[in-house]
């Protein structure tokens, strides 16, 4: 099972206001184990960054001037996420921006490139209704060290999200382990029973005669003989 934990940073909140992606990070995990493979890139948005957004991630337009455009990295991104499960915190936001960038260059939505998309914010709201479920709150709840997160950054946030997700779904490991162990026990019992020699005891002549007499009495009484 290949999973990709993905995060983006943007120039603002709304694609309808022509805001763009300025950072993409994706971290790979296979069979719930980190592989240390990741995709990370800064992008030139070809527009200014909203002051409120810059306060969140600290990325300046000047820093992005020499960075590639989205179309220059899209092939590498597509290869990295291809056929994997994308796990994103507040997925509609990131997916909306990714699809906006893909649409600008005439490519299909990101949903067509990956196996599925999982929203950890929705997962958290379902399991912790009425509580704060942003990434910082979840790190605190699951004892994930986020002391380095003084500003939002796509790569760090993707790595933290991977740790949070593992903590959120840890029970699934033990459940699958229990199911596997139960199935193995049943299989072993079946093999043992099938290999066990069965003792066959045949009726003697007296018992056979008694049984025949009993069947005849049933027939005389009008009972149906099966």
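The values are calculated or read from the model by the stated rules, or taken from the named source; none is laboratory data. Since this is a predicted model, take the numbers as computed values, not measurements. So basically every Cβ, Gly included, is an ideal-geometry build from the backbone, and we count neighbours across all protein chains shown.
With more than 29 Å from the chain's Cα centre (by Cα) and farther than 25 Å from residue 30 by Cβ as the only criterion, which of 64, 107, 102 stands out? Spell out how you get there, then give the answer.
Numbers: 107 fails: more than 29 Å from the chain's Cα centre (by Cα); 102 fails: more than 29 Å from the chain's Cα centre (by Cα).
Of 64, 107, 102, the one residue that is more than 29 Å from the chain's Cα centre (by Cα) and farther than 25 Å from residue 30 by Cβ is 64.
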### Message
What's the number of the only condition in (1) within 18 Å of residue 4 (Cβ to Cβ); (2) not in a helix (DSSP H, G or I) that residue 129 fails to meet?
### Response
(1)
### Summary
The residue that is surrounded by the fewest Cβ atoms within 10 Å (Cβ to Cβ), considering only those in region 16-36 that are more than 18 Å from residue 167 (Cα to Cα) and touching a helix residue (DSSP H, G or I) at 6+ places or on another chain (Cβ under 8 Å), is 19
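The rows are residues; the columns are (1) under 22 Å from residue 35 (Cβ atoms); (2) modelled with pLDDT under 95; (3) touching a strand residue (DSSP E or B) at 6+ places or on another chain (Cβ under 6 Å).
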{"residue": "80", "(1), (2), (3)": "yes, no, yes"}
{"residue": "104", "(1), (2), (3)": "no, no, no"}
{"residue": "125", "(1), (2), (3)": "no, no, no"}
{"residue": "138", "(1), (2), (3)": "no, no, no"}
{"residue": "149", "(1), (2), (3)": "no, yes, no"}
{"residue": "156", "(1), (2), (3)": "yes, yes, no"}
{"residue": "159", "(1), (2), (3)": "yes, no, yes"}
### Pair list, Cβ < 7 Å and 6+ apart or interchain, from region 146-175 residues that are within 23 Å of residue 10 (Cα to Cα) to residues that are at pLDDT below 90
156/148; 156/149; 160/146; 160/149
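Just checking, which of 6, 13 is assigned to a loop (DSSP other than H, G, I, E, B), modelled with pLDDT of 95 or more and closer than 27 Å to residue 165 by Cα? Can you show your working first?
Details: 6 fails: assigned to a loop (DSSP other than H, G, I, E, B).
The conditions single out 13.
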